[in-house]
Each structure stands twice: as structure tokens, then as C-alpha cells.
Amino acid sequence: MNDRSIYLASRSPRRCELLRQIGVTFELLPLREGPGRSADIDETPHQGERADDYVLRVTGDKARAAARIIAARRAVLRPVLAADTTVVCDDNILGKPANADEAAHMLGRLAGREHRVLTAVAVAAEDRMETRVSESRVWFRPLDAAEIRRYVATGESHDKAGGYAVQGLAAAFITRIDGSYSGIMGLPLAETAELLRSYGISIP
């Protein structure tokens, strides 16, 4: 690891892939997430919380939790990057589906219409934290119940905000995208590169 490396506070293979795509060297620092485990951060939306505020709050909490872990381990000090993605339909936050039925319900809501995808990125180092938010709009073609069931049965919906992966089989559902493709995947590269440069991390 060189002095231009960062920590990535994520379990997402997609975020790893995207960071490698722009030549960023990183060390994984995954957080504990999800039900049934002692989570490092609370991803439950607050009452009346706007989606834009929610995704920024969760991302900031992830970055701060990772910074605490680094301090507790007395690890080498490097910037830590965290991100969070949420799908928004009718001003409702669609997170990661808990099961196949919930995934099918989400996809049914998205079928034949437009929705928003918000991905927030935070970089923290010592007492400084900077954030950016990427907003994209995605249009799905109409989907029937059988098609939704077949898609959910592939397992691709698992652990995906809104129950789909833009880079996977669900690409066949999408008729239009307005915004950042990498942001929809989970890490908007333009915003991420801008943040990392401001912390002295060179991007080829």
C-alpha cells in the first residue's frame, strides 16, 4: 500500500470494481450491516426523513464509523471512503429488499415508469469529512408479474437498492437513464474522483 491509498468502508464488490476502474488503490474496511448482526450504523429511515437527507446521513455515519474503527485499531491513517445508494419512487425510499416477495413488490412499483437513484459519497480523514450526492433518473419499461418473478428468482435482486442491478439482467428493463451510470451502480465516479483529489489522492 502506498501513501495515496484509501480505506473503502463497504462490502460491495461493485464499489471495489468501480474504484479499480479509475485506478484507486484501497484497503477494504467493511462495516457490519443488516438485521441479525450488531450493525455499525442504523440504516432505518427516520420518520418524515427526505430521501436526499437520508442517503447523506447514512453515508456520513458509515464514514464516521469506519474512522472510529481505524482509530481503535491504531491503523495507518488514510482517507476513508463510504457510500450509500437508495432508490426513490413517489418520494418513498426503496432500500434493499428483505426477501423475494419484497423485491417483486418493489419492481412492480418501478415498472413502466420513472424513478430516482441517489448515491451519496463521503470521504473522511482525521477531523475533516466531505460529501457529494449524485442523482440519476431511470425509466423502466412495463413488466408483467411473470417477468418480475423470473428476474427475482435469479437472485440478482438480493442486496440491491430497489431490488435490481443496472449492470446485470435488469439492464433489459431500462429504456432510459438520465445521470450517472456508475452512480446507479453504487459509486458515482466523477464525484468520487473530485472528492479524492481534494484529499490529495491522485486519479490517473
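Remark: relative contact order (the chain) = 22 percent; criterion is Cα-Cα distance under 8 angstrom and separation of 6 or more residues.
If you plug the beta carbon distance of residue 194 and residue 113 into 1/(1 + (r/R0)^6) with R0 = 35 Å, you get a FRET efficiency near 0.65. Rounding to the nearest 10 and keeping the result within 0 to 90°, find how far the Cα-based axis of helix 100-110 lies from the longest principal axis of the chain. Taking Cα atoms only, the helix is inclined about 80 degrees. With the simple model of a label 7 Å out from the Cα in the direction of the Cβ, residue 105 to residue 73 spans 3.7 nm. Along the charge dipole of the chain, Cβ charges K/R +1 and D/E -1, which of 187, 98, 25 sits furthest on the positive end? Selected residue: 25. Calculated over the stretch 6-198, the projected area of the Cα convex hull averaged across directions stands at 10.8 nm².
Once both labels are positioned 7 Å from their Cα atoms along Cα-to-Cβ, the gap between residue 144 and residue 169 label points is 1.7 nm.
Put the Cα centre of the stretch 103-126 next to the Cα centre of the stretch 54-100 and the gap is 14 Å. Around the Cα centre of the stretch 6-198, unit charges on the Cβ atoms of Lys, Arg, Asp and Glu (plus for the first two, minus for the last two) sum to a dipole of about 540 debye. Counting only alpha carbon atoms, the long axis of helix 51-73 and the longest principal axis of the chain meet at about 40°. Descending by average beta-carbon neighbour count within 10 Å, the peptides 129-136, 15-22 line up as 129-136, 15-22, the highest first.
Read-outs throughout are calculated quantities, based only on the coordinates presented, and are distinct from any laboratory measurement. Model, not experiment: these values are computed from the prediction. As a convention, Cβ positions derive from the backbone with ideal geometry for all residues, glycine included, and neighbour counts pool all protein chains shown.
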